[in-house]
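I have placed the structure first, in the form of structure tokens, so that the comments after it can refer back to it.
The values are calculated or read from the model by the stated rules, or taken from the named source; none is laboratory data. Since this is a predicted model, take the numbers as computed values, not measurements. Cβ coordinates were reconstructed from backbone atoms using ideal geometry, including for glycine residues, and neighbour counts include every protein chain displayed. Heavy atoms of the whole protein, side chains included, go into the accessibility calculation; ligands, DNA and RNA do not. Shrake-Rupley method; radii C 1.70, N 1.55, O 1.52, S 1.80 Å.
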Number of protein chains: 2
Amino acid sequence: MRVGELSKRSGVPVPTIKYYLREGLLPAGVLTSPNQAHYDESHLRRLRLVRALVDVGELSISAVRDALAAIDSSEQTMHKKLGMVQEAITTVPNTPIDERSVQEVKDFLARHGRHEDVDAEHWEISRMLTAVLSAARSLGHDRFHEQLEPYMAALEMIAKADLDYMLGRAKSVDDLVESMVVGTILGDAALIALRRMAHAVESERRAKEEDQV
Amino acid sequence: MRVGELSKRSGVPVPTIKYYLREGLLPAGVLTSPNQAHYDESHLRRLRLVRALVDVGELSISAVRDALAAIDSSEQTMHKKLGMVQEAITTVPNTPIDERSVQEVKDFLARHGRHEDVDAEHWEISRMLTAVLSAARSLGHDRFHEQLEPYMAALEMIAKADLDYMLGRAKSVDDLVESMVVGTILGDAALIALRRMAHAVESERRAKEEDQV
DNA sequence: CGATAGTAGAGAGTGCCGCTATCCACTTTG
DNA sequence: CAAAGTGGATAGCGGCACTCTCTACTATCG
């Protein structure tokens, strides 16, 4: 197909597709003459992935580029792949850090199977967590870190479901990494939405309970 | 204190503070003369809240304004307050919707205590969920909605912990709404970080297991 | 007392980001 | 054949979150 059809099928305007091509988010089509190129289903698929990362994941164009690089790279172990995906996908809030939060994160990591190897300073995820706890403390929420325990208990269940899903879907190696990206990004959004729902349901439940008393 | 000290104590540049004042994110100080104003601890607190919402929550300035309006409003029931907070805080991805996803969300809501009153079309949260499922389907993940069940099971636990936290902290009514905002925004970020951690831990665990076999 | 630094308020300017618009020399399609 | 569409490249645009600049003051230090 040509760019017009790609545009129609994806809902993305032609100039935007050209922009993504320039930015390297989308591989060029096969040229049949100096000003004609053919695109196939893989382009459509990739284009939809880009849109999902931008619209749902709210990734910047350069973060999308990193995520796609992770997908396209030929890393061996699942573990390393997941690391690359996470690196590309997560952004650490740029906020002042306080020392007590750093310690809290270290303690937390020690309690949850990350004692040895990992240097917390250089692991993006742990820096993100530290930033959150620091922000909480600066707002007077200095016991916020206690919430992490119930969170982690629940998230272990979720992580199992996630990995089952990712591994279950993957028919090829490329598929696996793509599932990681999609599962992580869409999962984040789904989690946030469901948490809001659960809040609404629970607050309603408590309101009714109080009525009856 | 004057604006310079407010800046020093919060880490926010003076011009930015002035910008927030203009945008109505921060109430004006008390004027002691035509070009001198005094700010107090409440301004500092509010300023830090704004930064947390911007830096950690990645809210836009206008979303922050809405969130603060929710905090400052004098709504009665906790339930309605929570609704306002959620409305202000959540942004629905702007992405094409397909009908099957709409139906899946409806079914899901019916299964989880939202059968009666709520019209799903107008509840932001359910529109967000629909957007996520639609994006998933467009990427070929048409069974993604099955993940929602294990997610919701875990989130019910989390929601209980969240409400306990919010209600437990609040010493006044204003406090409660602020706790909702902070708990929701920081909780989102913490949840995302911990989910990444849990993924890493679980994928490591599975890799080791496989080694032993 | 004067020199220096800080201030409120308001408008204009900046830098970045994610697109759009325009143009050219072509093909393809009806 | 004319009209519509295309690849490629460069320039432009609109929004956003600041940041700068300016004026007419006020506070403070030596």
State whether one or more residues within the stretch A:141-157 are touching a Pro at 6+ places or on another chain (Cβ under 8 Å), facing chain B (nearest Cβ under 8 Å), surrounded by fewer than 19 Cβ atoms within 10 Å (Cβ to Cβ) and within 22 Å of B:Asp162 (Cα to Cα).
yes
Just a yes or no: is a residue in the stretch B:49-57 within 11 Å of chain A (Cβ to nearest Cβ), among the basic types (Lys, Arg), part of a helix (DSSP H, G or I) and within 14 Å of DNA strand D (Cβ to nearest atom)?
yes
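For the structure I just gave you, tell me whether A:Asp40 is more than 16 Å from DNA strand D (Cβ to nearest atom) and open to solvent by 20 Å² or more (accessible area, probe 1.4 Å).
Answer is no for this residue.
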Test B:Arg46 against the criterion of being open to solvent by 50 Å² or more (accessible area, probe 1.4 Å), more than 11 Å from DNA strand D (Cβ to nearest atom) and modelled with pLDDT of 95 or more, and give yes or no.
no
Of (1) closer than 24 Å to B:Arg127 by Cα; (2) within 16 Å of DNA strand C (Cβ to nearest atom), B:Lys80 satisfies all except one. Which?
(2)
What are the pairs, 6+ residues apart or on separate chains, where a residue within the stretch B:36-53 that is closer than 17 Å to B:Val182 by Cβ has its Cβ under 7 Å from a residue that is of a type in the set (Lys, Arg) and within 12 Å of DNA strand C (Cβ to nearest atom)?
B:Leu44/B:Arg9
Enumeration of residues in the stretch A:172-186 that are in a helix (DSSP H, G or I) and either open to solvent by 10 Å² or more (accessible area, probe 1.4 Å) or more than 7 Å from chain B (Cβ to nearest Cβ) (or both):
A:Val173, A:Asp174, A:Asp175, A:Leu176, A:Val177, A:Glu178, A:Ser179, A:Met180, A:Val181, A:Gly183, A:Thr184, A:Ile185
Scanning the stretch B:74-87 residue by residue, those free of Cβ contacts under 8 Å to residues at least 40 places away in the same chain and open to solvent by less than 40 Å² (accessible area, probe 1.4 Å) turn out to be B:Gly83
If we keep just the residues of the stretch B:58-70 that are more than 9 Å from DNA strand D (Cβ to nearest atom) and open to solvent by less than 10 Å² (accessible area, probe 1.4 Å), which is nearest to the chain's Cα centre (by Cα)?
B:Ala67
